[in-house]
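In what follows, a single structure is set out as structure tokens and then discussed.
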Amino acid sequence: MSKLNGQMKNIIAELQWRGLVHDIMPGTEEQLLKEMTTTYIGFDPTSDSLHIGSLVPIILLVHLKNFGHKPIALVGGATGMIGDPSGKSDERNLLDEATLNHNVAGIKRVLSHFLDFNAANANAPILVNNYDWMKTFTFIDFAREVGQRITVNYMMAKDSVKKRLAGDGEGMSFTEFTYQLIQGYDFYHLHKEYHCLLQMGGSDQWGNITTGTELVRRMNPEGAKAFAMTCPLITKADGSKFGKSEGGNIWLDADKTSVYKFYQFWLNTTDVDAEKYIKIFTFLDKETIDGLIAAHHEAPHLRVLQRKLAEEVTVLVHSKNDLEKAIQASAILFGNATSDDLKQLDAATFLEVFEGVPQAEIAKADLENGLDIVSVLNEKTGFLKSNGEARRALAENSIAVNKEKVTEEFVLTPKDLINDQFVLLQRGKKNYFVLRIF
């Protein structure tokens, strides 16, 4: 357990220097210093995976475990049937049960990558689904046991409710209005079953979380304790939404966002964002991070901060082996890659590396007897404007096929194909062209 002179190490001080504390209820820090504290964070199953916005609560759970506390990850199988109104301007579409079950299973799989729910030590993480205790709770019982504890006035005062009622939309349905009570009951249930004393979440969850602390106090004998803490919602320095690229969300699953794209997202962060993200999304200590920031200020063009950030987060979410492949894929565009390096790329990564590069198609039958390189460069693709330009470029030794320089005598055959479907043409260092073979 993470103790210093018999006392728990200060996780709040750790989270504060990392920029991970937004609101905190009085007494929370003292509770975490006093003893191992069971803490939960909820994840809504709106998809069958999680994107990098969810990395922050996942990292909070890992910090809790590392500091000797007991983390609970709650997947909202019940709350997912309703939809959290926090931060939303319109009613969510309700998911059917089959979709919800599929999403719950996907989120459990993602969370299991970061936390070992089969561990047996005292602060081993726990994974729960609130549908397990809500499915047998009748509406009448819920209204009697929970509804009478919290006034409508209290619920109406929450920002998530006030913003919806004051907005231009259609207001808020009773379904979404009850969300904070159901989430609040989750806290009460976990308090009763696991002696859970703290709930954490994003800053938009403060209203729901404090409703939970109230329910714990009001549904228990005098003296029941419950605490709350939220972290900031992560933004980019330019105000744009964190976690999105031109292609949409950056997901934690490689089949939704390739490791190459994932790595590139972090590698391409701005200097200002990289200084913030390296504290939030890695477990590097303060001394190491301060050293990286200082080195970056001395030579920002080397991008040491972005490289370290991209490496650490890629290994955390994927693996060391995946990182090496992503670095290798990046080197193909910007480094001295070989034909063998190219041929190790899978088809999806190849297309992502050369996204936006001009392309042309050639039938595989055309390659059976071989195609001379001049016709490939001009007539078959239009990569170069004429046979004369093709011959001059070849004479200048500026043409490469699959990263290997070729002369006018070169003939393209099926053995040159990457993944049996691509050929990479190149003139000079940065002028690329992709042949797709069908």
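The values are calculated or read from the model by the stated rules, or taken from the named source; none is laboratory data. Everything quoted here is computed from the prediction, not taken from an experiment. Neighbour counts run over all protein chains shown; Cβ positions are idealised from the backbone, glycine included. Surface accessibility is based on the protein's heavy atoms, side chains included, excluding ligands, DNA and RNA. Shrake-Rupley method; radii C 1.70, N 1.55, O 1.52, S 1.80 Å.
Restricting attention to the range 280-307, which residues are touching a helix residue (DSSP H, G or I) at 6+ places or on another chain (Cβ under 6 Å) and either under 25 Å from Leu111 (Cα atoms) or not in a helix (DSSP H, G or I) (or both)?
Within the range 280-307, Phe281, Thr282 qualify.
Of all residues in the range 16-71 being free of Cβ contacts under 8 Å to residues at least 12 places away in the same chain and not in a loop (DSSP other than H, G, I, E, B), which is most open to solvent (accessible area, probe 1.4 Å)?
So in the range 16-71, the residues free of Cβ contacts under 8 Å to residues at least 12 places away in the same chain come out as 16, 26, 30.
Within this subset, residues satisfying the condition of being not in a loop (DSSP other than H, G, I, E, B) are 16, 30.
Details: Gln16: 100, Glu30: 115 Å².
Here the residue is Glu30.
Where in the range 84-159 are the helices (runs of 4 or more DSSP H), entirely inside, with at least 3 residues that are at pLDDT 85 or above?
Qualifying helices (runs of 4 or more DSSP H): 97-114, 131-134, 139-145.
Which of the helices (runs of 4 or more DSSP H) found entirely inside the range 308-387 contain at least 1 residues meeting this: modelled with pLDDT under 90, surrounded by 14 or more Cβ atoms within 10 Å (Cβ to Cβ) and in contact with a Phe, Trp or Tyr (Cβ under 7 Å, 6 or more places away or on another chain)?
Numbers: elements: 320-334, 339-343, 347-353, 373-377.
In the range 308-387, the matching helices (runs of 4 or more DSSP H) lie at 320-334, 347-353.
Among the candidates Leu371, Leu417, which residue alone is farther than 30 Å from Ala254 by Cα, more than 31 Å from the chain's Cα centre (by Cα) and of a type in the set (A, V, I, L, M, F, W, C)?
Going through Leu371, Leu417 in turn, just one is farther than 30 Å from Ala254 by Cα, more than 31 Å from the chain's Cα centre (by Cα) and of a type in the set (A, V, I, L, M, F, W, C): Leu371.
Just give me the residues in the range 147-171 being open to solvent by 40 Å² or more (accessible area, probe 1.4 Å) and aliphatic (A, V, I, L, M), in sequence order.
Answer for the range 147-171, where residues must be open to solvent by 40 Å² or more (accessible area, probe 1.4 Å) and aliphatic (A, V, I, L, M): Val152, Met156, Ala157, Leu165, Ala166.
Return the pairs, sorted by first residue and then second, in which the second residue is open to solvent by 20 Å² or more (accessible area, probe 1.4 Å) and not acidic (Asp, Glu), the first residue lies in the range 413-428 and is in a strand (DSSP E or B), the beta carbons are less than 6 Å apart, and the residues are 6+ apart or on different chains.
Every condition considered, the pairs that remain are Ile418/Lys343; Leu425/Phe383; Arg427/Ser398.
For Arg391, work out the one condition from (1) out of contact with any Asp or Glu (no Cβ under 7 Å at 6 or more places or on another chain); (2) surrounded by fewer than 19 Cβ atoms within 10 Å (Cβ to Cβ) it doesn't fulfil.
(1)
Residue check: is Leu305 in contact (Cβ under 8 Å) with a residue 24 or more places away in the chain and surrounded by fewer than 19 Cβ atoms within 10 Å (Cβ to Cβ)?
On the way: in contact (Cβ under 8 Å) with a residue 24 or more places away in the chain: yes; surrounded by fewer than 19 Cβ atoms within 10 Å (Cβ to Cβ): no.
Against the criterion (in contact (Cβ under 8 Å) with a residue 24 or more places away in the chain and surrounded by fewer than 19 Cβ atoms within 10 Å (Cβ to Cβ)), Leu305 does not qualify.
Across the range 105-115, what is the number of residues that are open to solvent by less than 90 Å² (accessible area, probe 1.4 Å) and charged (D, E, K, R)?
Restricting attention to the range 105-115, the residues satisfying the condition of being open to solvent by less than 90 Å² (accessible area, probe 1.4 Å) are 105-108, 110-112, 114-115.
Now restrict to residues that are charged (D, E, K, R): 108.
Within the range 105-115, residues that are open to solvent by less than 90 Å² (accessible area, probe 1.4 Å) and charged (D, E, K, R) number 1.
Can you say whether Asp273 is free of Cβ contacts under 8 Å to residues at least 60 places away in the same chain and surrounded by fewer than 24 Cβ atoms within 10 Å (Cβ to Cβ), as far as the supplied structure shows? Walk me through it before giving the result.
On the way: free of Cβ contacts under 8 Å to residues at least 60 places away in the same chain: yes; surrounded by fewer than 24 Cβ atoms within 10 Å (Cβ to Cβ): yes.
Criteria met by Asp273.
Residue by residue through the range 167-202, note down the ones that are in contact with a Phe, Trp or Tyr (Cβ under 6 Å, 6 or more places away or on another chain) and assigned to a helix (DSSP H, G or I).
His189, Leu190
Could you please tell me which pairs satisfy a Cβ distance under 7 Å, a separation of 6+ or placement on different chains, a first residue in the range 358-373 that is basic (Lys, Arg), and a second residue that is surrounded by 15 or more Cβ atoms within 10 Å (Cβ to Cβ)?
Qualifying pairs under 7 Å: Lys364/Ile437.
Given the conditions (1) open to solvent by 70 Å² or more (accessible area, probe 1.4 Å); (2) modelled with pLDDT of 90 or more; (3) not acidic (Asp, Glu), report the number of the one that His189 does not fulfil.
For His189, the exception is condition (1).
Just give me the residues in the range 206-230 being open to solvent by 10 Å² or more (accessible area, probe 1.4 Å), outside any helix (DSSP H, G or I) and either modelled with pLDDT of 95 or more or over 17 Å from Glu193 (Cβ atoms) (or both), in sequence order.
So the first thing to find is which residues in the range 206-230 are open to solvent by 10 Å² or more (accessible area, probe 1.4 Å), and the list is 206-207, 210, 214, 217-225, 227.
Filter once more, keeping what is outside any helix (DSSP H, G or I): 219-225, 227.
Glu222, Gly223, Phe227, listed by residue number.
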